[in-house]
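Note sheet for the following structure.
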Amino acid sequence: MSARTHDMPMTLATISVALPQAIAHGAGTVQTGIFKRPVSGAVRVHAAQLDGDGQADLVHHGGQDKAVYAYSLEHYAWWQETLGIDAAFAHGQFGENLTVAGLDEATLYLGDTLAIGSARFVVTQPRVPCFKLGLRFGNPAMPRLFAGSLRSGAYLRVLQQGTIRAGDAVNVVDSPTEKISIRDLFAAYLAPNDPAATTLLRRALTVPALSGEWRRQIAQRLERRAAT
């Protein structure tokens, strides 16, 4: 593996965290940590989360492979225009911990190592939206719209605990030989029966950084594909 230069310089614009809270859903409530809010100052990065952050559903969210979620600052303007919303969204709107200026899923690769402040992270998978994103936006169509946009952001595993703060540079300091962009991986995941997508998913299994969850799901999809 070797370092490479990202197509566009990346900077940590905002850090957002939240502890799980009960939100109205249907006739009852659901616990969710998606309502992130920006925080100021230095934030400590731990092995499975940032200081002050938490997830309610550890089966589908959080854990070491999805300890931190990063999303592109530039996507905010696109979503405001697409959704026809005039008021600016506060950062953290997509449930992300790190709002990163210059992050582009087309040039961010599975297995990239990111240096931010004194912490180090590795890119493990795109984000698959669930119904809680719809709760966050007050729009049940958001998970479908989010997936279709391919503006997925990326989950990160913590390689080195440390401290980060808004304004820090986000540098790619290591990159795998097998170059699979987060955008291409997500597109293939959404179309596993396409021959080209199947080939890319097989390649993804060779990247050690791929999350355990996606490794299992991709392997299952490929098995089903081979059986047909």
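Take the residues of region 65-96 that are within 21 Å of residue 155 (Cα to Cα) and of a type in the set (D, E, K, R): which is farthest from the chain's Cα centre (by Cα)?
74
Scan region 113-139 for residues that are closer than 19 Å to residue 188 by Cα and in contact with a Ser or Thr (Cβ under 7 Å, 6 or more places away or on another chain) and report the count.
Taking region 113-139 and keeping what is closer than 19 Å to residue 188 by Cα, we get 123-130.
Pick out the ones that are also in contact with a Ser or Thr (Cβ under 7 Å, 6 or more places away or on another chain) and you get 124-127.
Looking only at that region, the number is 4.
Pick from 150, 156: which is at pLDDT 95 or above, closer than 15 Å to residue 105 by Cβ and surrounded by 21 or more Cβ atoms within 10 Å (Cβ to Cβ)?
Details: 150 fails: surrounded by 21 or more Cβ atoms within 10 Å (Cβ to Cβ).
From the options 150, 156, the qualifying one is 156.
Could you tell me whether region 97-116 includes any residue that is crowded, with 19+ Cβ neighbours inside 10 Å, at pLDDT below 95 and under 24 Å from residue 142 (Cβ atoms)?
For region 97-116, residues crowded, with 19+ Cβ neighbours inside 10 Å, at pLDDT below 95 and under 24 Å from residue 142 (Cβ atoms): absent.
So which residues in region 39-55 are over 17 Å from the mean Cα position of the chain (by Cα) and closer than 23 Å to residue 135 by Cα?
39, 52
Which of (1) small (Gly, Ala, Ser); (2) closer than 26 Å to residue 79 by Cα; (3) in contact with a helix residue (DSSP H, G or I) (Cβ under 9 Å, 6 or more places away or on another chain) is the odd one out, the single condition residue 197 does not satisfy?
(2)
Yes or no: residue 167 of a type outside the set (D, E, K, R), touching a strand residue (DSSP E or B) at 6+ places or on another chain (Cβ under 8 Å) and more than 21 Å from residue 64 (Cβ to Cβ)?
On the way: of a type outside the set (D, E, K, R): yes; touching a strand residue (DSSP E or B) at 6+ places or on another chain (Cβ under 8 Å): yes; more than 21 Å from residue 64 (Cβ to Cβ): yes.
It is true that residue 167 is of a type outside the set (D, E, K, R), touching a strand residue (DSSP E or B) at 6+ places or on another chain (Cβ under 8 Å) and more than 21 Å from residue 64 (Cβ to Cβ).
Cβ-Cβ under 8 Å, sequence separation 6+ or interchain: first residue in region 203-226 and under 22 Å from residue 175 (Cα atoms), partner of a type in the set (S, T, N, Q). Which pairs?
209/124; 210/124; 210/125; 211/124; 211/125; 213/125; 214/124; 214/125
Going by the structure shown, is residue 198 over 26 Å from residue 10 (Cα atoms), in contact (Cβ under 8 Å) with a residue 24 or more places away in the chain and in a helix (DSSP H, G or I)?
Values: over 26 Å from residue 10 (Cα atoms): yes; in contact (Cβ under 8 Å) with a residue 24 or more places away in the chain: yes; in a helix (DSSP H, G or I): yes.
The answer is yes for residue 198.
Having 3 or more residues that are closer than 24 Å to residue 214 by Cα and free of Cβ contacts under 8 Å to residues at least 40 places away in the same chain is the bar; report the helices (runs of 4 or more DSSP H) wholly within region 71-177 that clear it.
Working: elements: 75-83, 131-137, 142-149.
Of the helices (runs of 4 or more DSSP H) lying wholly inside region 71-177, those with at least 3 residues that are closer than 24 Å to residue 214 by Cα and free of Cβ contacts under 8 Å to residues at least 40 places away in the same chain span 142-149.
Just to verify a result, which residue in region 202-215, among those that are assigned to a helix (DSSP H, G or I) and under 18 Å from the mean Cα position of the chain (by Cα), is surrounded by the fewest Cβ atoms within 10 Å (Cβ to Cβ)? Before the answer, list the steps.
Here is the first cut: in region 202-215, the residues assigned to a helix (DSSP H, G or I) are 202-204, 212-215.
The next check asks that each one be under 18 Å from the mean Cα position of the chain (by Cα); those that pass are 204, 212-215.
Working: 204: 22, 212: 13, 213: 17, 214: 22, 215: 17.
Per the criteria, the residue is 212.
Name every residue in region 179-192 that is surrounded by fewer than 17 Cβ atoms within 10 Å (Cβ to Cβ) and more than 17 Å from residue 147 (Cα to Cα), in order of residue number. I'd like the intermediate steps shown before the answer.
Looking only at region 179-192, we keep the residues that are surrounded by fewer than 17 Cβ atoms within 10 Å (Cβ to Cβ), and these are 179, 190-191.
179, the sole residue that qualifies.
The values are calculated or read from the model by the stated rules, or taken from the named source; none is laboratory data. All of these numbers come straight from a predicted model, not from anything done at the bench. Note that we place each Cβ from the backbone using ideal geometry, even for glycine, and neighbour counts take in every protein chain shown.
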